[in-house]
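Since the structure comes first, as C-alpha cells, the remarks are kept for the end.
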Amino acid sequence: MKGERVAQLELLLRSHPEGMRRAEIARRLGVHRSTISRYVEDLSEKIDIYEENNLIKIRAKEDEEAEMLSVYESLAFNMSAELLASNIEIQNPHLASGLRKIAMNMQTYAPKVSSNIFALADKIDEGVKRNRGQSMIFNKILEVLIDCWISGHIARITSGNEEIEIAPYFIGFKDDTEGRKPITVTGRLRHTMDIVTLDIASMTDAMMLDETYTIPDNLKPFKQKDGSRSYDAIDMIPLTLKLREKSALNSFSTIIHGKPELRKNEKGELIASFEAENSIELMLRIIQSGTSVEVISPENYKRRLINYLKDILNIYKC
C-alpha cells in the first residue's frame, strides 16, 4: 500500500508542476497529513524533490523545459482547451497535467492566461473526481487504445458481452450529434477489410495484443460532408429498413451512418433510409435488433445477411 501511495504522489506532483501543499496532497491521496513527509522522503530517493514556499515540487531537468509560447499562441491554446473540456462527457487527467505544465511556462509573460489555464486544469480535475469510477475505466481504455495506435498493435476491445479486435487508424471526435461529442476510435476489424467507428465510452475493457498492423497509405478520410450527415468513408451502403419500433435505431449509434430519413409506406409501416458503413458491425447491429428491424434494401446486402444467419444456424444443427 505504501509503495502505491508513493507512486500516486509522484503522479500527483508531475501533474502539478507548480507544486502542492502537504495538506492538499493528503486530501488528494486520502491520507492523514502527518504521513506525507514519509512518502516525500521515499519518493526523494527516486527523483529530485524540493520544497519552496511550502510547496512540494519535482525539480525539472534541463531537457524537460517546455518551449515558450507567444501570448497569441497561449490564448489560442487556452480557448481550444476550454472548448475541448466543455465538449466531452468524461474529463481526462492528462489534459489537466499538460495544461499545468504549459501554464507554468506562461506565468512570467502571460500571467492572466496562465491563471485561466490553471483554473481550467482545476476544473478538469474536479470533473475527474466527481466521476472517479467512470473516469478511471474510460481513461484506462483510452490510454490502451492510444498505445496501440502509436505502436501499431491490434487492440482487443470488450463492450458488454461483445469482444472486438481492431487495428486503430484514428482516435478523435465523432461530430454527428447535437451537444455530446463522443470520443471514438476508428479502425479495421481484424481479419476483415471492414472499417468501424466505436464510442470509447461504451467499452468496458481494452488490451494490447502482440499482433502488429500498418495504416494503408490510400486510406480515405472519415469526415462529414458539407451540408449533410453522411460520411466519406471507405465503403457506405444506402440502407432501407422497416421498423417495428422506432427505438431500434439506437442500435446503430456505435457505427458510422448518415441521418435517417423516416417515412410511412402505404400500409402505415415506418421506413428508415440512411447511408451506413458496410461492415460486420452493421450486420451485428441488425441482428441485435431482432424482429424490430427488417432489411428492405439493397437486395444484395439482404441476401448477404440471410446467408450469414444460415451460417450461424448451421453451427447449431443437431
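The values are calculated or read from the model by the stated rules, or taken from the named source; none is laboratory data. What you are looking at is a predicted structure, and each value in this text was computed from that prediction instead of being measured. Every residue, glycine as well, gets a Cβ built from its backbone with ideal geometry; the counts of neighbours run over all protein chains shown. We work out accessible area using only protein heavy atoms, side chains counted, and drop any ligands, DNA or RNA first. Shrake-Rupley method; radii C 1.70, N 1.55, O 1.52, S 1.80 Å.
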(request) Give 46/129; 123/246; 57/129 a once-over and call out the pairs whose C-alpha atoms are over 31 Å from each other. (result) 123/246
(request) Can you tell me which of 130-141, 18-29 comes out highest on packing, and rank the rest after it, using the mean Cβ neighbours within 10 Å? (result) 18-29, 130-141
(message) Charges at C-beta only: +1 for Lys and Arg, -1 for Asp and Glu. How large is the resulting dipole of the chain about its Cα centre, in Debye rounded to 20?
(response) 1100
(request) Measure off, as a whole percent, the carbon and sulfur share of the 1.4 Å-probe accessible area of the chain, all protein chains present. (result) 52
(message) So, for the chain, what is the accessible surface per residue at a probe of 1.4 Å, expressed in square angstrom?
(response) 59
(message) Tell me the label only: which of (i) 56, 43, 39; (ii) 77, 50, 39; (iii) 65, 43, 33 is Cα extents along the principal axes in Å as calculated from this structure?
(response) (ii)
(message) Among 73, 165, 281, which one shows the highest mean-square fluctuation when the chain is modelled as a Gaussian network with alpha-carbon springs under 10 Å?
(response) 73
(request) For the chain, build the charge dipole from Cβ charges (+1 Lys, Arg; -1 Asp, Glu) around the Cα centre, then report which of 272, 54, 136 sits farthest towards its positive end. (result) 272
(message) Counting only helical runs of four or more DSSP H residues, what would the 222 nm mean residue ellipticity of the chain come to if each run contributes -39,500 (n - 2.57) and the total is spread over all its residues?
(response) -13000 deg cm²/dmol
